[in-house]
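K.L.:
Below is a structure I'd like to ask you about.
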Amino acid sequence: MKAAVITVSDRVSRGEAEDLSGPAAAAKLAALGFHDVVVVVVPDGVESVRDKLVELVATYDLVVTTGGTGFAPRDLTPEATRLVIEREAPGLAEAMRAATFGRFPHGMLSRGVAGIRGDALIINLPGSVKAVEE
């Protein structure tokens, strides 16, 4: 199975910050047996995320996004994902939030979604390394 990671961040895409969560997600996926794991970076926003998701689901079995799931005005990864998926998989997002409830109170603020397009699964993760590793 092949996986891709999209880091969604204005600052990382402009070279103002280092991408830590994308490589953390890629390492976790590789440890789980995924191969050919790639990490790409796009700026926040609906169009940039939507376009990259459409591109990657044509080649990869799993596409994980990291970042853009919070409450900031440009945190629009869930909105972009909903434009791409054909069927939502709400139990995955609910399970991720539930697993951290009580230990990481801010976890419930993640608006990430999950769903299927064709044969590919898309999952939104928050943008912190700790959240990605959980």
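Readers should treat all values here as calculations from the given coordinates under stated rules, not as data from a laboratory. Since the structure is predicted, the reported quantities are computational estimates derived from the model, not experimental observations. Glycine also receives a Cβ, built like all others from the backbone with ideal geometry; neighbour counts cover every protein chain displayed.
K.L.:
So for the chain, taking the charge dipole from beta-carbon charges (+1 Lys/Arg, -1 Asp/Glu), which of Ala95, Val12, Asn124 sits furthest toward the positive end?
P.N.:
Checked the options; the winner is Ala95.
K.L.:
Residues of the stretch 13-31 with backbone nitrogen within less than 14 Å of a virtual label 7 Å along the Cα-to-Cβ line of Glu55, please, listed as ranges.
P.N.:
13
K.L.:
By DSSP, what percent of the beta bridges with both residues in the chain are antiparallel, rounded to the nearest 5?
P.N.:
In the chain, DSSP labels about 25 percent of beta bridges as antiparallel.
K.L.:
Additional query: Under 5 Å between amide H atoms, partner at least 5 residues away or on a different chain: which partners does Leu121 have, H built in plane at 1.01 Å?
P.N.:
HN-HN under 5 Å from Leu121: Leu62, Val63.
K.L.:
Could you calculate the FRET efficiency of Phe71 with Leu32 from 1/(1 + (r/R0)^6), where r is the beta carbon distance between them and R0 is 35 Å, rounded to 0.05?
P.N.:
0.75
K.L.:
Now for a separate question. Please state, as a whole number in µm²/s, the translational diffusion coefficient that the Stokes-Einstein equation yields for the chain at 4 °C and 1.567 mPa s, with Rh defined as the Kirkwood radius across alpha carbon pairs.
P.N.:
Answer from the Stokes-Einstein relation: 90 µm²/s.
K.L.:
If you don't mind, another one. Explain nothing, just the number: relative contact order of the stretch 42-106, from Cα pairs under 8 Å at least 6 residues apart, as a whole percent.
P.N.:
Computed over the stretch 42-106, the figure is 32 percent.
K.L.:
Take the Cβ-Cβ distance between Ala95 and Arg14 as r, set R0 to 30 Å, and report the resulting FRET efficiency rounded to the nearest 0.05.
P.N.:
For R0 = 30 Å, the calculated efficiency reads 0.35.
K.L.:
Right, another one. Hey, rough spin-label estimate for Met1 and Glu133, points 7 angstrom out along Cα→Cβ, what's it come to in nanometres?
P.N.:
2.3
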